[in-house]
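Here the structure is laid out as C-alpha cells; the discussion comes afterwards.
The values are calculated or read from the model by the stated rules, or taken from the named source; none is laboratory data. Quick caveat, the model's predicted, so the values are computed rather than measured. Cβ placement follows ideal geometry from the backbone for every residue including glycine, while neighbour counts extend to all protein chains displayed. To get the accessible areas, we keep the full protein, side chains included, count just its heavy atoms, and leave off ligands, DNA and RNA. Shrake-Rupley method; radii C 1.70, N 1.55, O 1.52, S 1.80 Å.
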4 protein chains.
Amino acid sequence: MSGLLGVAVLGAGHMGADHVRRLDRVVSGARVAAVADPDPERAEEAVGGIEKVTVHTEAEAALDAPGVDAVLVASPGEAHEEALLAAFARGLPVLCEKPMVPDSAGALRVVEAEARLDRRLAQIGFMRRYDTEYRRLKSLLDGGRLGRPLMLHCVHRNVSSPPHFTSSMLVTSSVSHEIDAARWLLGQELSAVTVLRPRPSAGAPEGLLDPQLVLFETEGGAVVDVEIFVNCGFGYEVRCEAVCEAGSARIGQAHTMVVTSAGDAREEVPQDYLVRFADAYDRQVQTWVDATRRGRVTGPGSWDGYAAAAVAEAGVRALETGARTPVELAPRPSRRHP
Amino acid sequence: MSGLLGVAVLGAGHMGADHVRRLDRVVSGARVAAVADPDPERAEEAVGGIEKVTVHTEAEAALDAPGVDAVLVASPGEAHEEALLAAFARGLPVLCEKPMVPDSAGALRVVEAEARLDRRLAQIGFMRRYDTEYRRLKSLLDGGRLGRPLMLHCVHRNVSSPPHFTSSMLVTSSVSHEIDAARWLLGQELSAVTVLRPRPSAGAPEGLLDPQLVLFETEGGAVVDVEIFVNCGFGYEVRCEAVCEAGSARIGQAHTMVVTSAGDAREEVPQDYLVRFADAYDRQVQTWVDATRRGRVTGPGSWDGYAAAAVAEAGVRALETGARTPVELAPRPSRRHP
Amino acid sequence: MSGLLGVAVLGAGHMGADHVRRLDRVVSGARVAAVADPDPERAEEAVGGIEKVTVHTEAEAALDAPGVDAVLVASPGEAHEEALLAAFARGLPVLCEKPMVPDSAGALRVVEAEARLDRRLAQIGFMRRYDTEYRRLKSLLDGGRLGRPLMLHCVHRNVSSPPHFTSSMLVTSSVSHEIDAARWLLGQELSAVTVLRPRPSAGAPEGLLDPQLVLFETEGGAVVDVEIFVNCGFGYEVRCEAVCEAGSARIGQAHTMVVTSAGDAREEVPQDYLVRFADAYDRQVQTWVDATRRGRVTGPGSWDGYAAAAVAEAGVRALETGARTPVELAPRPSRRHP
Amino acid sequence: MSGLLGVAVLGAGHMGADHVRRLDRVVSGARVAAVADPDPERAEEAVGGIEKVTVHTEAEAALDAPGVDAVLVASPGEAHEEALLAAFARGLPVLCEKPMVPDSAGALRVVEAEARLDRRLAQIGFMRRYDTEYRRLKSLLDGGRLGRPLMLHCVHRNVSSPPHFTSSMLVTSSVSHEIDAARWLLGQELSAVTVLRPRPSAGAPEGLLDPQLVLFETEGGAVVDVEIFVNCGFGYEVRCEAVCEAGSARIGQAHTMVVTSAGDAREEVPQDYLVRFADAYDRQVQTWVDATRRGRVTGPGSWDGYAAAAVAEAGVRALETGARTPVELAPRPSRRHP
C-alpha cells in the first residue's frame, strides 16, 4: 500500500477518542477514515477538525464508508462480536480492544468464524505484549538462559476502581491482562484457577472484594500468583517476576528520576495505565498499521481472546466458590489459512 | 549482675560453634562457661583456647557446671524439649534455637511447663525479629501510617538444600521463618494453609518438591504467600512486601555496591543466611545477654515456638493433600507469672 | 497545513538516513520530499523505495525541489552554515543537527542572519531536551520545589570512540550535549571552564586524553562537573544530578529489568545513544513537524547553537592550557521578530 | 592477653561518651578502666554506673591509672598531640579520633615520635575504612577486576552544620574523611587540590561557603571530586563512585526498605553519621581491641593522620586563593620498627 491506511474507528469513548488522536497525530502511515458511535456528538468531538473523516451512528455504515481499509474496534465489549463478524464479512483487517468478546461462548464463535476465512484478520488489543519491559522479559525467557519458568509473581494495582466495578470484574477486566501476559510469557495454556479473598481494604467501596490473590496453574506445571488491588490508593503499579530454574527476572519497578528531599529518596509512581503503557499503546497501533499495510496480521489473535475469556470465566467461579476451578478450553479449530 | 553472664552452650555443631565464638568474641557482657556435645572432640574444637570453660557430653552436666547463669540451646531439635525442661527445673534463662520443639505436642508441653513457673524463662531463636530491615517493617506496620496490612508477599530462596532435605522440610524448616515473621509482623495467628506445587526445578534433587508456593490465611483476614525455593542456584534471598490499605513496604532488596561492567549494572547477592543475617544473630544474642543480666526475658517466647510447630504441621498436611488445611491451636495456657 | 509536511533532508549518512526513516515511518504528519548528499548512491540508499522523493547532490537543489516545506540538516557540521543561510534565504523552517556550526564565529553569523529575518526559522538538534527524564528534571527545577540549583553532577560515557576522535572532540562533540543541557536546565549562560585530565585509561587509543573532568561555572554562581569518558568499555551512560538548596534529583539510572542469576542482580546497560535516546529523537522530530505545520518554531534556537560553540571553544583552550578559562559571549543580537 | 583490655578514654564529650558506652556494652574483650575530662561532671556522667572506672581531670593521670592497657583519644583535636606523645612515652597502644593533630607540623612531630619507638602504637580513627560498603569497594579495586581507578566521584552531605562551623572546616573537618578514603582506596598520595565555590545555598549560615566542590589530583594521575554540602537540609549522604578502566562501582546508595505510598516510592535517608556509620564505629573499636589484645597495631596509622592534615592545609589555601594548590608532604621517616 503506497497511500495511508484508512481506518474506521468504532466507538468514540475514552479509549476510542484516544485511538483517533493516535492514528491522526502519532502513528505514521495511517489516517482516520470513519468514526462510528451511537452518540453522534461524541463521535464529532473525537474527530475534532480532522479532515476527510465521515461520522456514523452505525458500525456497519462506518465499515462501508469510502476509504476504509481496516477497522479499530473500541466500542463496549458487548458490541465486539457483531463488529468482528461484520469486519470478517468484508475482509477487513481489525484491531479489537480487549476483551475480544466478554463471554467465552461468543468468543469461540469469533474464533470459528475467522477459522473459516482464507486468511487471518483479527488482532486483539493485549497491549502489554508491546511494552518494552514485557518484551525484554519475553525475550529473556525465550532465550532459555534462565531455564524453564517455574513461577510468575504478578502485582497489578490501580489507584481506584471506576464506578460500578464488581468483584468479578477484578478478574474479568483487570486480571485479564495478566491472563494474557502469563499465556504469552510462558507459552502455555492456564489449566486451573484459585482465588483467595483477604478481608477487603477499608479503601474499597462497600461490598467490593478488593484486593484478591488469584492463583493460576498451567498445563506445563508452572504457578502464577496475581495480587489484584484496584483501590490501593497510591499509584498504578504493574510488576512481574519470572522465577526460573537458573535465575529470576523482574520488571515493573522502573524509575526515571529519584528525588532526595526532606529525609526521603523518592521515585514517582505513575497514577494511570495510560501513562505507564503510553508507549505500548503507540507501538501496538504502529505495529498493526505497518503490518496491515504490508497485507499481514500479527500479534495476539482471536484464540488468545477466547482463551482469556474462558480463563476469566473460570476465575469468576473460583472467586464465588472459594474452590480450585479447572479451566475447560474448547478444541482449537483448525484454520483453512496457514 | 555486675560480672559477665556465664552461658552453657548445648550443642557444638555448626550453629553451636558459631554461638560459642559469638559469646566469646562478639557480644559484650557474656562468657562461655560450659559446652556440651555428645561428641567431646567437637565440643573441645568449638571451645578452642577459651579459658575457664568446662566441656561435657551430657547437657544436664553443663547446666550444673560452675559459673553457669544461662543456657543457649543449639543441639538438634529432638533434644530441645528435654533441654528446655531441664533449664526450667533449674530456673535458668534459656535462648533456644528454632525449632523450639519439632512436633507441636512436645512444643505444647514446653509451653505448659513454662506457664507453671513463676516467671518466663525461654526465648526462641527466631532471629529475623532482630534484623534491621524486619524491625523497620514491623515498626512501620505498628505505627499505623499505612493502615491495616492486607497481604504479605514473601520470597525465601537458598542456593541449594543440604543432603537429606525432604519436601516437608521446605515447610517445617525453611518456611518456619516466614511463619514466625508473619505472626510477628501482623500480630495475628495463622488460621489456614494451602500449598501449590509447581513442577519441580531441574536443579532440585530427584523427588524433592522444590519450589513450592505456600499460602497462609490469618484469623484477621490477611493473606500471606511464600515462595520457598531451596535450590534456586543463584543466591540467598529473603524478601517481604507488606501490602496495606494505604501503601506498601518492601524489604530484602537492599544492595550495598553496584558495579557497572561489561554491559550490566550488578549488585552482589549474598549466598548464605549467615552472611545475610549475621547482624541479626549478633543482635539477638546481645539483646538476650543484656536482658538476662537485668533479670528479664524478652523476645519470642515458647508460645511462638509452639504456634510455629502447629502451623508447620498443618502445612505438611496441606502439601500432602493439596487441600486448604485449617490450623488448630490449643488454648493458650494462662500463666502464673505476669 | 492540511497535507503532510514535505521535508528536504540534507545529508544521507548515519544520522541523515535515520531521519529519513523516521520521517517516513515513525512520525506523523510529514513526508520526505527531497534528499541531498554529495554521494548520490548513499542518498538513493537512504531513500529506499519511498515514493515521490527527489534525490540531489547539491543542498540548494534539494531546497528548491517541488513539495519542500521545511529542511532537516544532517550533513557534516562544516556544511551547516551554508545550508542554514540558504534555508533562511528561502524562508524555510529548519531543524539542524548539532553542532549548529562548529566554530563560534560562523555560529554567530547564523544568529545574526536569523535576527534580520522577520521571524524565527531555526531549531537546533539538542535532542536531550526531548528526553522524558531530562524533561522531568527541567520541570522539577522550574517548579522551584527544590530551591535554587547549586551544582550539576554529570556523567557521559561511551563504550568506545569512533576513529579519528581527538582529545578536543571530547569537549566539542561529546560534552556539547552537557553544555546545552546545563544552559537549558539552569537557564543561565556558562561563564568559565576548567578541564582536569586524569592519566588516560589503558582502554583509550594512544594519545587520546580520555577520560576528562570538565568543570563549568555559570553566571549565576552554579558549578557543573562533567565526567566525559568515551572509551569506558562497558556501556552508554548519561547521568545528571541536580543539587539544589532543598534537595537533589538525579536521572539516568533508570532500569527496566533486573535479572538475578549466579550471584548477581543485574540491570542491562544500554550500549548506544540511539538506544538510550531513541524516544528523544522521535519526539524531537515529531514536535518539530507538529509546530512547523502550525507555522511555529519552538525548541532550542540559533543562539543556543552559538553559545554551545563558544563554550566548547573555551573548553578546548582550557584543556590545552590546564587553566580556568572564561567564556566570552558576543552581545545577543536584538531580533526584528518577537 | 587473657583478661579484658583496660582502656583509658580521654575526653567525655559526645564522641568520648559514645566510646565509653561502646567499650562497656557493645564490643567484646574490653572494659573502661579510666576516663579523663577537664569537666569532672561530664566524665562522671559518661561513666554512669560502670564499675571499677577511675575518673580524672588530667589525661596523664588517666594513663597512669591502675588497669590501663590502652588509650582511646576522644578529646578536642588541639589536645591530641600531647595525648599521643604521653601514650607513646608509656608504651600504650592508642586509638586516636580524627583529626590526629589539626596542623600538619604537629602531626609530623607525632609521626616522627612514633618512628623513634621500637614498635607501632597509634591507630587513627578513620572509621570509614571499617564500613562494609567501603571495604567492599576497596576489595574490588584491589582485586584488579575493573583495572586502574581513573576517578572517584564523592558526595558528602550533612543536614546542617554545627554552630561556629567555618568555610575552612568544610575541608579540614568534613572532607578529611574523603581525603583519607581516597588515599586508602587508591593507595596513592594526593598531590594537588583545587576548590570551586558555587554561590552559597540560602540554607547555609550567613558567610559560610557551602557547598564547595573540592578537586584532588593524585601522584598516580587519578582525579577525585568531592561535593561537600554541610547544610543540604535533607539528610546525611555519603556516596562514592570509583570509575576504572574496565567498569565503575558505586556505594552509598543502599536502601533497606522501600515504602510506596501516595504516589511515591520512598527510601528513608539517614539523618546522621552515627546512624549511617554505627556499624563502622563498632567494628573499628572491636578490631582495635582484638588486635591490641594480641599485641598488634593495625589500621590507619600516624602517617595517614599526617597526610590528611597536610592535604587539608593545602585545601584551605586552595579555597582561599581559588587556585590549584600543590600538596607538599615531608619525607616519610624511616621507622626503627618493622
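Tell me, what % of the accessible area of segment C:132-276 is carbon and sulfur with a 1.4 angstrom probe? Write out the running numbers ahead of the final one.
On the way: 2290 of 4490 Å².
Carbon with sulfur: 51 percent of the solvent-accessible area.
Which whole number gives the average, over all residues in A:232-241, of C-beta atoms from other chains lying within 10 Å of the residue C-beta?
Working: counts 9, 9, 12, 8, 1, 3, 0, 1, 1, 6.
Counting Cβ atoms of other protein chains within 10 Å of each residue's Cβ and averaging gives 5.
So how exposed is D:MET257, as accessible area in Å² (1.4 Å probe, rounded to 10)?
In the full protein context, D:MET257 sits at about 20 Å².
Give the calculated FRET efficiency between A:ALA330 and B:ALA202 to the nearest 0.05, with a Förster radius of 30 Å applied to their Cβ-Cβ distance. Please report the intermediate quantities before stating the final value.
Working: r = 33 Å, r/R0 = 1.09.
Here the calculated transfer efficiency is 0.35.
Rounded to the nearest 100 Å², what's the accessible area chains D and C bury against each other, both chains counted, probe 1.4 Å? Could you put the intermediate results ahead of the total?
Working: alone 15480 and 15490 Å², together 28210 Å².
Buried: approximately 2800 Å² between C and D.
So for the pair D:GLU78, B:LYS52, with labels modelled 7 Å out along Cα→Cβ, what separation do we get in nm?
Inter-label distance under the simple model: 4.4 nm.
By what distance, in whole Å, do the Cα atoms of the protein assembly as shown stretch along each of the three principal axes, largest value first?
102, 79, 47
In nm, one decimal, shortest first: how far is the label point of B:ALA61 (7 Å from Cα along Cα to beta carbon) from the matching points in the other copies?
Nearest to farthest, the other copies are at 5.3, 10.2, 10.6 nm.
Leaving out ligands and nucleic acids, note down the accessible area per residue over chain A with a 1.4 angstrom probe, in whole Å². It would help to have the intermediate numbers written out before the result.
On the way: 12380 Å² over 338 residues.
Computed with neighbouring chains in place, this is 37 Å² per residue.
Other chains near C:146-156: what is the mean number of their Cβ atoms within 10 Å of each residue's Cβ? It would help to have the intermediate numbers written out before the result.
Numbers: counts 5, 5, 5, 1, 13, 8, 0, 6, 0, 5, 0.
For this peptide, the per-residue mean of nearby foreign Cβ atoms is 4.
Assign unit charges at the C-beta atoms only (+1 for Lys and Arg, -1 for Asp and Glu), then state the dipole size of the protein assembly as shown relative to its Cα centre in Debye, rounded to the nearest 20. Please list the in-between numbers first.
On the way: 144 positive and 184 negative charges, 2 e Å.
The dipole of the protein assembly as shown has a size of about 0 debye.
Go through segment D:204-222 and flag every residue whose accessible area shrinks by 40 Å² or more with all protein chains in place compared to the isolated chain (probe 1.4 Å).
D:LEU213, D:LEU215
Top mean-square fluctuation among D:ALA204, D:ALA246, D:ALA105, Gaussian network model of chain D, C-alpha springs under 10 Å?
D:ALA246
Picking from C:PRO205, C:ALA115, C:ALA309, whose Cα lies most toward the positive end of the charge dipole for chain C (charges on Cβ: Lys, Arg +1; Asp, Glu -1)?
After comparing all options, I get C:ALA115.
Which residues' amide hydrogens lie under 5 Å from the amide hydrogen of C:ALA34, considering only partners 5 or more residues apart or on another chain, with H built in the peptide plane?
Here C:VAL7, C:ALA8, C:VAL9, C:THR54 satisfy the definition.
What's the Cα-based Rg to Rh of segment C:132-276, Rh via Kirkwood?
1.00
Quick query: amide H of B:ASP210 versus all other amide H atoms, modeled in the peptide plane; which residues come in under 5 Å with a sequence gap of 5 or more or a different chain?
Close amide H contacts, sequence-distant or interchain: B:SER201.
Determine the share of segment B:1-131's accessible area contributed by carbon and sulfur atoms, expressed in whole percent, with a 1.4 angstrom probe.
On the way: 2540 of 5030 Å².
Carbon and sulfur: 50 percent of the exposed surface of segment B:1-131.
Roughly what % antiparallel, to the nearest 5, for the DSSP beta bridges in the protein assembly as shown? Present the calculation step by step, with values, prior to reporting the outcome.
Working: 150 of 254 bridges.
In the protein assembly as shown, approximately 60 percent of DSSP beta bridges are antiparallel ones.
Net charge near C:CYS154: determine it from the other residues with C-beta under 9 Å of the C-beta of C:CYS154, scoring Lys and Arg +1 and Asp and Glu -1.
Values: positive: C:ARG239; negative: C:GLU178, C:ASP225, C:GLU227, C:GLU241.
Residues near C:CYS154 contribute -3 overall.
Enumerate the amide H contacts of C:THR325 below 5 Å, restricted to partners 5 or more residues apart or on another chain; note that Pro and chain-start residues carry no placed amide H.
Answer set, sorted by chain and number: C:VAL193, C:THR194.
So for C:ARG335, C:ARG90, what's the accessible-area order with a 1.4 Å probe, most first? Let's see the in-between values first.
Working: C:ARG335 120, C:ARG90 85 Å².
Solvent-accessible surface, decreasing: C:ARG335, C:ARG90.
In sequence order, what are the phi-derived ³J(HN,Hα) couplings for segment D:222-228 according to the Karplus relation 6.51 cos²θ - 1.76 cosθ + 1.60 with θ = phi - 60°, rounded to whole Hz, with x for glycine and proline?
For segment D:222-228, the Karplus-derived couplings read 8, 10, 10, 10, 10, 7, 10 Hz, x marking Gly and Pro.
With a point put 7 Å past each Cα toward its Cβ, work out how far B:ARG136 is from D:ARG116 in nm, to one decimal.
5.1
Rank these residues by their accessible area, most exposed first, probe 1.4 Å: C:HIS14, B:HIS153, A:HIS164.
Numbers: C:HIS14 135, B:HIS153 30, A:HIS164 165 Å².
Accessible-area ranking of C:HIS14, B:HIS153, A:HIS164, largest first: A:HIS164, C:HIS14, B:HIS153.
With every protein chain kept in the model, how would you rank A:GLU178, B:GLU328 by accessible area, 1.4 Å probe, largest at the top?
On the way: A:GLU178 5, B:GLU328 140 Å².
The residues order as B:GLU328, A:GLU178, largest area first.
Tell me the net charge near B:PHE126. Cut-off is 14 Å between Cβ atoms, B:PHE126 excluded, with +1 for each Lys or Arg and -1 for each Asp or Glu. All intermediate terms of the calculation are to be shown ahead of the outcome.
Values: positive: B:LYS98, B:ARG128, B:ARG129, B:ARG135, B:LYS138, B:ARG183, B:ARG283; negative: B:GLU97, B:ASP131, B:GLU178, B:ASP180, B:ASP304.
Once positives and negatives cancel, what remains is +2.
Using θ = phi - 60° and the Karplus curve 6.51 cos²θ - 1.76 cosθ + 1.60, what whole-Hz ³J(HN,Hα) does each residue of segment D:187-196 get, with Gly and Pro shown as x?
x, 9, 7, 8, 10, 7, 9, 10, 10, 9
Report the net charge of residues surrounding C:ALA17, where surrounding means a beta-carbon distance below 10 angstrom and charges are Lys +1, Arg +1, Asp -1, Glu -1. Before the final figure, lay out each step's value.
Details: positive: C:ARG21, C:ARG22, C:ARG42; negative: C:ASP18, C:ASP37, C:GLU45.
Net of charged neighbours comes to 0.
Using a label position 7 Å from Cα in the Cα→Cβ direction, what is the ascending list of nm distances from C:GLU45 to the same site in the other copies?
5.3, 7.0, 8.0
Only helical DSSP H runs with n ≥ 4 go in: add -39500 (n - 2.57) per run for the protein assembly as shown, normalise by residue count and round the 222 nm mean residue ellipticity to 500 deg cm²/dmol. Show your work: numbers first, answer last.
Values: 40 runs with 442 residues, N = 1352.
Result for the protein assembly as shown, helices only: -10000 deg cm²/dmol.
Under 14 Å Cα-Cα from C:LYS138, which aspartates and glutamates qualify once same-chain neighbours fewer than 8 residues away are excluded?
Excluding near neighbours in sequence, the set is C:GLU178, C:ASP180, C:GLU241.
In nm, one decimal, shortest first: how far is the label point of B:SER334 (7 Å from Cα along Cα to beta carbon) from the matching points in the other copies?
Label-point separations across copies, in nm and ascending: 7.8, 8.5, 9.6.
Top mean-square fluctuation among B:GLN284, B:GLN212, B:GLN253, Gaussian network model of chain B, C-alpha springs under 10 Å?
Maximum fluctuation in the GNM of chain B, among the listed residues, is at B:GLN253.
Give the value in nm², to one decimal: projected area of the alpha carbon convex hull of chain B, averaged over all directions.
Values: hull surface 76.6 nm².
Average of the hull's projected areas for chain B equals 19.1 nm².
Using a Gaussian network model of chain B whose springs link C-alpha atoms within less than 10 Å, name the residue from B:ALA59, B:ALA86, B:ALA312 with the highest mean-square fluctuation.
Taking springs between Cα atoms under 10 Å, the residue moving most is B:ALA86.
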